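Scroll down for the structure; my scribbles are underneath it.
Just so you know, all these numbers are worked out from the coordinates, no wet-lab data involved. For clarity, every value in this text was computed on a predicted model and none was experimentally measured. Cβ coordinates were reconstructed from backbone atoms using ideal geometry, including for glycine residues, and neighbour counts include every protein chain displayed.
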Amino acid sequence: MSLDALPGFREFYPAELAERNFIIGAWREVARRYAFAEYDGPPLEPLELYTKKSGDEIVGQLYSFTDKGGREVALRPEMTPTLARMVAAKANALRKPVRWFSIPQLFRYERKQRGRLREHFQLNVDIIGEADVTADAELLSVAIDIMRAFGLTSSDVRARVSDRGLLRGLLVLTGITDDMLPGVYAVVDKMDREPRASLETKLRAAGLHDVFIARVFEVLKHPDLATLRERYGDVPELREDFTRLSRYFEYLDALGVGDWVEFDLSIVRGLAYYTGIVFELFDAKRELRAICGGGRYDSLLKQLGGADLPALGFGMGDVVLGELLRARGRMPEWKPSVDVWVAYGDAALLDDAMRIARRLRDQGRAVEYASGGQQLSRQLKAADAAGAREVLVLQPADLERGEAVVRRLADGTETRVRLDEWIGGR
Ligand code: HAM
């Protein structure tokens, strides 16, 4: 039996963990700037939380089992149902709109493919209790500002947005009924990844006759907003959808992110619960999977038996984002961070080295020293290997005078210092 890590699960050596922390640090910083509060939930949940609301794709990927108490449980594959339940349970007490974010590790039994693992960390940013499209614009602005925080530009990353409300309206006009919609959305979500024949087979399996299948493809033939408005702008049932989208783009401009965004009707998102404007972020070269995805899910809280509150949010994973940052040279290289290495020229000075290390650490410095009895030359090599910025060299005669030599490893310069003053100034 192999004891290797399971396929799709990562081991984070310090360099990899530093990359993960770099990403998470930027997520937290941007969420803070938008005044979102951080929360968390349980990593293990009742299986039903997902089988009811997430949609077939995620349910097929669940890590689920029966626990020792006989409960059907699952490792969380996404955060949204947990959030919806948490907010619904305290809906009256919470100030609305709720602006919360979380960074859970999530688990999905995915098919092996680039950009998709079986665990990932996902930033979730959600706004609950705000029905107006201003919140949709605010939300996308958060996602784009995260890209900007990493130094990426609108030529590196594109946001593609659509509106399930408008798509539903267009499909209903062609005679497609609400019960066919989940099947249609699941297929539209795969549109740019699968050949037409396979999409048609899936639509047939979802119960659509050939004439409806042809209409689905006809509606999606011109996915840009200008063409759609030209063709359907006068249809009374769609007027509200077009007005909402006009305001959305106006607000995105006001928030300074309009030039990152394109409308594309074929973006519907794979999850079942979305009801309105949806979006995904992609690398502009389209080499990678989606960096992030989200949208409005106005009925989910009510369906989970809680308050009837409108909601919207997105999830951004660390995997594709990490690939993109590395590819664009935006991922800082990890360096170990030893500020001071305390070296001693005589084994009897080890206690002094420890006392000095303690004083430096109390001041917040990262300090290391060699364990007992090593030659000074070996200690200096070890300091170099550890990437220490400075080495404090202790010698018996110097110490008696309260002095020591500081060697800067970057350029080899040496300075004699008064120990107390030097430690105090660190
Ligand atoms: P999702 O589209 O399933 O949405 O996932 C969001 C993002 O998480 C993806 O765009 C991708 O970056 C990352 N991701 C998902 N699965 C994997 C995987 N197997 N490996 C690596 N990265 C992955 C949701 O989960 C929604 N709950 C997001 C949301 C929050 N909607 C509203 N609020």
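Summarised as an ellipsoid, region 230-340 has semi-axes of 35, 20, 14 Å, derived from the eigenvalues of the Cα gyration tensor scaled by 5 and square-rooted, with the largest first. The charge dipole of the chain, taken about the Cα centre with unit charges on the Cβ atoms of Lys, Arg (+1) and Asp, Glu (-1), comes to about 380 debye, rounded to the nearest 20. Under the criterion of Cα pairs below 8 Å and six or more residues apart, the relative contact order for the chain equals 16 percent.
Kirkwood radius, the chain, all distinct C-alpha pairs, inverse of mean reciprocal distance: 25.1 Å. Taking θ as phi - 60° and the Karplus parameters 6.51, -1.76 and 1.60, the scalar couplings of region 80-97 work out to 4, x, 4, 4, 4, 5, 4, 5, 4, 5, 10, 3, 6, 7, 7, 5, 9, x Hz in sequence order, x denoting glycine and proline.
Determine, for 34, 13, 273, 109, the number of other Cβ atoms within 10 Å of each Cβ, and report the residues in order from fewest to most.
Numbers: 34 16, 13 9, 273 22, 109 13.
Starting with the residue having the fewest Cβ neighbours, the order is 13, 109, 34, 273.
Comparing mean-square fluctuations of 147, 180, 79 from a GNM of the chain with C-alpha springs under 10 Å, the top value falls on 180. Counting only Cβ charges, +1 for Lys and Arg and -1 for Asp and Glu, the dipole size of region 1-129 around its Cα centre is about 440 debye.
Computed from the alpha carbon positions, the gyration tensor of region 162-280 leads to an equivalent ellipsoid with semi-axes of 25, 16, 12 Å, biggest first. With 23 Å as the limit, the listed pairs 96/302; 335/381; 52/96; 52/221; 202/302 have 52/96; 52/221; 202/302 beyond it between alpha carbons. Among 380, 106, 300, the residue with the largest mean-square fluctuation in a Gaussian network model of the chain, with springs joining Cα atoms closer than 10 Å, is 380. Helical content alone sets the calculated 222 nm signal of the chain at -11500 deg cm²/dmol, taking -39,500 (n - 2.57) per DSSP H segment of four or more residues and averaging over every residue. Taking a point 7 angstrom from the Cα of residue 52 along the C-beta vector, which residues in region 277-318 have backbone N less than 15 Å away? Zone members listed by number: 299-309. Does region 338-424 come out rounded, prolate or oblate, given a ≥ b ≥ c as the square roots of the eigenvalues of its C-alpha gyration tensor, rounded meaning a/c under 1.5 and, failing that, prolate meaning a/b above b/c? Judged from the Cα gyration tensor, region 338-424 comes out rounded (a/c under 1.5).
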